Amino acid sequence: MAAIDIQGLEKTYMVGFWRKQPKCALHSLRLTVEQGEIFGFLGPNGAGKTTTLKLLMGLIFPTAGCARILGREWTDPEIKAQIGFLPEQPYFYDYLTAHELLEYYGQLSGVPAKNRKRRVEEVLRQVGLLEVRGVQLRKFSKGMLQRVGIAQAILHDPSLVFFDEPMSGLDPMGRREVRDLMEQLKLAGKTVFFSTHILSDAEALCDRVAIIHKGRLRGVGAVADLTSSVQGKVELIWQGTQVPASLKLLGVECHLTGDTVRAVVAENQQDAAIDALRRERLRLIAITPVRTSLEDYFVEKLRSAETTAGRTA
Amino acid sequence: MNTRIAYIASNTFREAVRDRVLYNLIAFALLLSGAAILVGQISIDIEKLVVINLGLTAVSLFGVVIAIFIGIGLVSKEIEKRTLYTVLSRPVRRWEFIVGKFFGLAGTLVVNTFFMAVGVFAALLYVSHKFVRADALILVALYFIVLEFLIVCSLSLLFSSFSTPLLSAVFAFSFFVVGSFAEDLRGFARMAHGVTRWLALGAAYLVPNFSALNVIGSIAHEQPVAAQLILQNTLYALFYAAMVLSAAVLVFERRNLK
């Protein structure tokens with residue numbers, strides 16, 4: 001049983017004041033997320049990530065299509081007891097303290113009264129807010145509110161957690177902690193579905209990713225597969241500040257950093273480049289095949305989408 | 001009551017208290033004590049009449065203003081601030097949210113009315129130095145005022161579920177004002193002819209009949225209220241509020257949250 005099975009989910013809004021025009025925010029999305037994986041939903045701002053999450057949460061209604069979550073219809077309210085959700089830039093009842101807010105959400109999620117207090121304190125400790133549990137949320141910074149958001153999403157120990165831009169507003173330390181938390185969730189057998197436009201986070205965390213752009217799915221795959229395709233290039237790094245003339249003749253672009261030089265050459269030029277370095281008695285430090293990064297894959301998908309759109313127009 | 005509804009109601013009540021809504025009681029207390037002292041000095045034999053009229057009218061107006069100003073933001077504010085996202089992504093049905101909000105606001109108004117009622121009786125004691133049996137009738141007037149609040153709460157919630165706070169306030173106040181003259185509107189409809197008659201009749205039955213719930217004048221004159229009227233008003237207010245609340249649920253169930 002898949003954790004999430006989206007079948008042709010589509011959302012069209014009517015925009016304009018007098019003469020309303022249809023605007024498709026999401027085009028017939030088909031996507032499956034397996035249980036126990038960390039799945040990254042990537043796309044630039046306005047790509048349709050939040051629309052997808054809001055559809056799955058039942059906050060907006062689809063124009064067409066349906067979905068199953070943990071084997072049940074996504075519209076079934078009871079399934080939400082097994083789901084955690086962190087919205088983008090979350091805002092909470094600011095007259096409550098962090099403890100009161102989580103207590104309230106625990107009540108709504110059906111966390112048994114006898115365990116509630118202990119569980120609330122546990123998650124507050126987990127997100128580093130235990131010390132400020134009695135402070136009203138109106139006094140919290142953006143980063144602290146994001147932590148409250150994460151706490152409320154995992155409070156009821158859900159099997160599936162949706163995070164919409166979870167790193168937003170967090171400092172480097174906070175981002176690291178959220179990454180660790182996601183890994184802990186995965187280790188505990190939970191499924192994590194998170195949207196982001198920060199590719200380094202996705203590359204570091206995700207088992208699989210999907211790329212969405214202008215409401216259309218542009219690609220899905222395991223991060224390892226998407227980033228392991230060798231580009232037919234090698235990176236050479238040698239000590240010194242000197243670039244052999246023969247390398248320049250080969251048209252190789254070199255970058256000087258401190259007392260090392262980095263150059264990327266085609267695989268068929270590799271031997272010639274190494275010979276040139278030896279002749280100049282330069283000390284070679286590393287030879288590494290260049291692999292596609294998630295960013296390369298992402299940019300390529302977006303560019304090809306733009307090209308296709310341009311041709312169609 | 002469904003426990004989730006109770007939790008939402010209790011949080012709504014807590015919000016009202018923390019937003020210092022009950023501070024209106026201070027203004028009410030000042031108004032009433034000032035009026036009691038003043039009428040004690042300037043009126044002869046009608047101090048009690050003035051205090052009951054003024055006190056109960058103030059209870060009603062303060063409550064209606066609170067019901068409208070809190071009620072119009074109950075749904076729209078949650079959508080605007082997106083606090084609803086983390087509520088509706090839990091096993092909470094949309095109708096439970098609306099009903100919970102209604103009970104929370106109604107609870108706030110009942111507590112507020114209780115304290116204002118204490119103030120009215122205190123002012124009455126100040127001007128007449130003792131209570132008489134007829135003073136118990138004030139409780140009936142207060143009960144009708146609470147019924148009035150239930151209707152205003154439901155109307156505010158209905159408008160809040162599809163409109164902006166400003167428009168919701170305009171709609172709710174209009175319904176309150178027109179509803180306060182519902183009997184006159186019905187009288188006018190009976191005298192009118194043709195389309196005007198039907199329009200006036202439609203409007204008269206569409207707006208809540210607040211005239212029937214207003215017994216302040218007769219109670220100030222110590223006229224008893226028939227048990228039948230109490231029953232009729234109770235059933236009418238509960239039915240009207242339930243219908244309006246159902247409409248609010250129907251609208252909200254279909255609403256896309258921005």
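The values are calculated or read from the model by the stated rules, or taken from the named source; none is laboratory data. Since the model is a prediction, treat every value here as computed from it, not as a measurement. Heads up, the Cβs are rebuilt from the backbone with ideal geometry, glycines too, and the neighbour counts pull from every protein chain shown.
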Output for Cβ contacts, cut-off 7 Å, separation at least six or different chains, first residue within 9 Å of chain A (Cβ to nearest Cβ) in the stretch B:1-13, second in a loop (DSSP other than H, G, I, E, B), reads B:R4/B:V92
Exactly one of A:L53, A:L59 is within 11 Å of another protein chain (Cβ to nearest Cβ) and in a loop (DSSP other than H, G, I, E, B), and that residue is A:L59
Selection from the stretch B:150-183 of residues outside any helix (DSSP H, G or I), more than 15 Å from B:A248 (Cβ to Cβ) and among the hydroxyl-bearing types (S, T, Y) yields B:T164
Counting only residues that are closer than 22 Å to A:E121 by Cβ and either out of contact with any Ser or Thr (no Cβ under 9 Å at 6 or more places or on another chain) or surrounded by fewer than 17 Cβ atoms within 10 Å (Cβ to Cβ) (or both), the stretch A:137-169 contains a total of 13
Listed by range, helices (runs of 4 or more DSSP H) wholly within the stretch B:22-132 having at least 1 residues that are within 14 Å of another protein chain (Cβ to nearest Cβ) and within 30 Å of B:L238 (Cβ to Cβ) are B:47-74, B:76-81, B:85-88, B:94-128
The condition of being in contact with a strand residue (DSSP E or B) (Cβ under 9 Å, 6 or more places away or on another chain) and over 30 Å from A:T50 (Cα atoms) holds, among A:L217, A:L226, A:L247, A:L294, only for A:L247
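Pick from A:R138, A:R133, A:R116, A:R147: which is within 11 Å of chain B (Cβ to nearest Cβ), touching a residue at least 12 places away in the same chain (Cβ under 8 Å) and among the basic types (K, R)? First the steps, then the outcome.
Working: A:R133 fails: within 11 Å of chain B (Cβ to nearest Cβ); A:R116 fails: within 11 Å of chain B (Cβ to nearest Cβ); A:R147 fails: within 11 Å of chain B (Cβ to nearest Cβ).
Unique residue meeting the criteria: A:R138.
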The condition from (1) at positive phi; (2) of a type outside the set (S, T, Y); (3) within 14 Å of chain B (Cβ to nearest Cβ) that A:G169 misses is numbered (3)
Next on the checklist: Could you go through the stretch A:63-78 and let me know if any residue there is assigned to a helix (DSSP H, G or I), facing chain B (nearest Cβ under 9 Å) and at pLDDT below 95.
Outcome noted: yes
Taking the stretch A:111-132 and keeping residues buried (at least 16 other Cβ atoms within 10 Å of the Cβ), more than 25 Å from the chain's Cα centre (by Cα) and in a loop (DSSP other than H, G, I, E, B) leaves A:V111
Condition set without any contact (Cβ under 8 Å) to a residue 40 or more places away in the chain and buried (at least 17 other Cβ atoms within 10 Å of the Cβ), scope the stretch A:56-89, selection farthest from A:L160 (Cα to Cα): answer is A:L59
| said: Tell me whether the stretch A:47-58 contains one or more residues that are under 22 Å from the mean Cα position of the chain (by Cα) and over 30 Å from A:D296 (Cα atoms). | reply: yes
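Which members of the stretch A:79-88 meet the condition of being assigned to a loop (DSSP other than H, G, I, E, B) and more than 8 Å from chain B (Cβ to nearest Cβ)?
Step one: filter the stretch A:79-88 for residues assigned to a loop (DSSP other than H, G, I, E, B), giving A:87-88.
Answer for the stretch A:79-88, where residues must be assigned to a loop (DSSP other than H, G, I, E, B) and more than 8 Å from chain B (Cβ to nearest Cβ): just A:E88.
Could you please let me know if B:S174 is surrounded by 15 or more Cβ atoms within 10 Å (Cβ to Cβ) and small (G, A, S)? Give the steps one after another, and end with the answer.
On the way: surrounded by 15 or more Cβ atoms within 10 Å (Cβ to Cβ): no; small (G, A, S): yes.
When the stated conditions are applied, B:S174 does not pass them.
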Residues of the stretch A:93-104 being within 7 Å of another protein chain (Cβ to nearest Cβ) and in contact (Cβ under 8 Å) with a residue 12 or more places away in the chain, in sequence order, are A:Y93, A:Y95
